[in-house]
1. Highest first, please rank the peptides 5-16, 82-93, 63-74 by the mean number of other Cβ atoms sitting within 10 Å of their residues.
2. Taking 0.36 nm per intervening residue step and subtracting the Cα-Cα distance, what contour gain separates Ile111 from Tyr56 on full extension?
3. For a test of the definition: using alpha carbon positions, the gyration tensor, and the 1.5 limit on a/c, classify the stretch 20-76 as rounded, prolate or oblate.
4. Note the angle between two axes, namely the Cα long axis of helix 82-111 and the longest principal axis of the Cα atoms of the chain, as a number of degrees from 0 to 90, rounded to the nearest 10.
5. What is the calculated FRET efficiency for Met1 to Phe41, with r their C-beta to C-beta distance and R₀ = 22 Å, to the nearest 0.05?
6. Which FRET efficiency, nearest 0.05, do Ile101 and Ser81 yield, Cβ-Cβ r, R0 30 Å?
7. Radius of gyration and Dmax for the chain's Cα atoms, expressed in Å?
8. What FRET efficiency would be calculated for the residue pair Leu68, Phe21, taking the C-beta separation as r and a Förster radius of 25 Å, to the nearest 0.05?
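Taken together, the values in this text are just the output of simple stated rules run on the coordinates, not laboratory data. Here the structure is a predicted model, which means the values were calculated and not measured. Counting neighbours? That spans all protein chains shown, and the Cβs are built from the backbone with ideal geometry, glycine included.
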Amino acid sequence: MTAASTFIGGVLHLAIIPMFFALTPVNVMIFFLVSGAGQLFWVIPVLKRWSNVWYYVGMGGTAILVALFVIAVPARGLPVSELEITIELVQIVFIIGSIMIVKERTTKAKIGPGRES
C-alpha cells in the first residue's frame, strides 16, 4: 500500500508535465519533475524496508508537497481538479502507511526480538 501510493503519486506528478506543458512555467515543470522522480525513488526504501529515517524523510517531504498544494491551489481560490484530489489522496495514504510501518517497527523493537504476541 505505501510503496504503491508513492509510486502512483510520482507517476501522476510526472504526468502533469506533458499535460500542461504549454501552460506551465519552466520552474513549475522542474518542481513536478523533481517531485515525481523523488516519489518514484521512494518506492525503493519502502520495498527494501530501509531504516525508519527513510520513512520520516518521506513523510516530511510528502507533507511538504501536500502543504504546498493547499497553499498554491485551494488557499488562493483556484479550482481543484480530480487529478489533484487523487494526487493528494495517494500522498496522504503514503503518510498514513508510513506512520503505521514506523509504529509497528517501534512497537516490535520495544517488545524485543522473539517476544511478539
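1. Details: 5-16: 20.4, 82-93: 16.1, 63-74: 13.5.
Peptide ranking by packing, descending: 5-16, 82-93, 63-74.
2. Details: separation 55, 0.36 × 55 = 19.80 nm, distance 2.15 nm.
Full extension from Ile111 to Tyr56 adds 17.6 nm.
3. Values: a/c = 3.89, a/b = 1.73, b/c = 2.25.
Note, shape of the stretch 20-76 comes out oblate.
4. Tilt relative to the chain: about 20 degrees.
5. Details: r = 18 Å, r/R0 = 0.82.
Efficiency, rounded to the nearest 0.05: 0.75.
6. On the way: r = 30 Å, r/R0 = 1.00.
After rounding, the FRET efficiency stands at 0.50.
7. Just the Cα atoms of the chain yield Rg and Dmax of 16.3, 58 Å.
8. Details: r = 21 Å, r/R0 = 0.82.
Result of the calculation: an efficiency of 0.75.
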